[in-house]
């Protein structure tokens, strides 16, 4: 990986970590549904001209049905769940819960794809689960019903991401990533549209909240996707996916710097255990050790 590619990876982690900051700012004013409707619609409309310019509109139309399923499972529902989580939990904790996606991915692959559960995968799952327990159990504030619902929503979003990943691999193999991103975002906007009349904001959002929505849609979705696709082409999907291990760190930093949120012991220990468990379960630790041997 060249220095420029490493910088791009860090920028991508910062952008995706920033999504949790933007949701924390905007969700209380817009509400989860309106916020995510703006996010996916603006992101899809931003990416659509690029799809058209690259002559990929036919690909989008021919794969419309699976793209709509991806839009529901990978955007509309999990984005809304994470926005709901952002109403009650700090930026860093929401990002850590989202960081359990690869952790759930191992379990989904075992149940759905009948992939073998090796000792390293079982160990990773146990360590990751202990991380979630630590994250919840060492909280310095009371675990109210509202907090429990927020935690459940965050983990539910991670589970849906884990389910969507193999579906994409099975049904959209060979379809350009830009087409998947654009089609899924626009499909998500259609799914959320009927809910808008029932979830209107209580009062007009502030300019800061609107700015957070634009940042969420353009920076943390459209620009981030383009950068992610560029990295996949340059360094491969396996290395590009290491961004998942950096996102919670950036999210905690954004929350502390811009919202003065405290980085608690539960967040540090829980994040460490979850990321370690995820790395073990997905073979990252074993691969790193193998490369380090003479």
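Residue-by-condition table, conditions (1) surrounded by fewer than 20 Cβ atoms within 10 Å (Cβ to Cβ); (2) in contact (Cβ under 8 Å) with a residue 24 or more places away in the chain; (3) touching a strand residue (DSSP E or B) at 6+ places or on another chain (Cβ under 6 Å):
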residue	(1), (2), (3)
13	no, yes, no
28	yes, yes, no
33	no, yes, no
49	yes, no, no
54	yes, yes, no
69	yes, yes, no
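For segment 136-148, does any single residue satisfy the condition of being within 29 Å of residue 225 (Cα to Cα) and either touching a strand residue (DSSP E or B) at 6+ places or on another chain (Cβ under 9 Å) or assigned to a helix (DSSP H, G or I) (or both)?
no
From the list 175, 179, exactly one residue is under 25 Å from residue 67 (Cβ atoms), touching a helix residue (DSSP H, G or I) at 6+ places or on another chain (Cβ under 7 Å), in contact (Cβ under 8 Å) with a residue 60 or more places away in the chain and outside any helix (DSSP H, G or I). Which is it?
175
Please work out which one of (1) more than 20 Å from residue 276 (Cβ to Cβ); (2) in contact with a helix residue (DSSP H, G or I) (Cβ under 8 Å, 6 or more places away or on another chain) is the condition residue 146 fails and give its number.
(2)
List every residue pair whose Cβ atoms sit under 9 Å apart, with the two residues 6 or more apart in sequence or on different chains, where the first one lies in segment 140-161 and is free of Cβ contacts under 8 Å to residues at least 60 places away in the same chain and on the phi < 0 side of the Ramachandran plot and the second, anywhere, is part of a helix (DSSP H, G or I) and surrounded by fewer than 14 Cβ atoms within 10 Å (Cβ to Cβ).
143/137
Quick one: would you say residue 97 is crowded, with 21+ Cβ neighbours inside 10 Å, outside any helix (DSSP H, G or I) and touching a helix residue (DSSP H, G or I) at 6+ places or on another chain (Cβ under 6 Å)?
Spelling it out, it is not the case that residue 97 is crowded, with 21+ Cβ neighbours inside 10 Å, outside any helix (DSSP H, G or I) and touching a helix residue (DSSP H, G or I) at 6+ places or on another chain (Cβ under 6 Å).
Read-outs throughout are calculated quantities, based only on the coordinates presented, and are distinct from any laboratory measurement. This is a predicted model, so every value here is computed, not measured. Please note: Cβ atoms are built from the backbone with ideal geometry, for glycine as well, and neighbour counts cover all protein chains shown.
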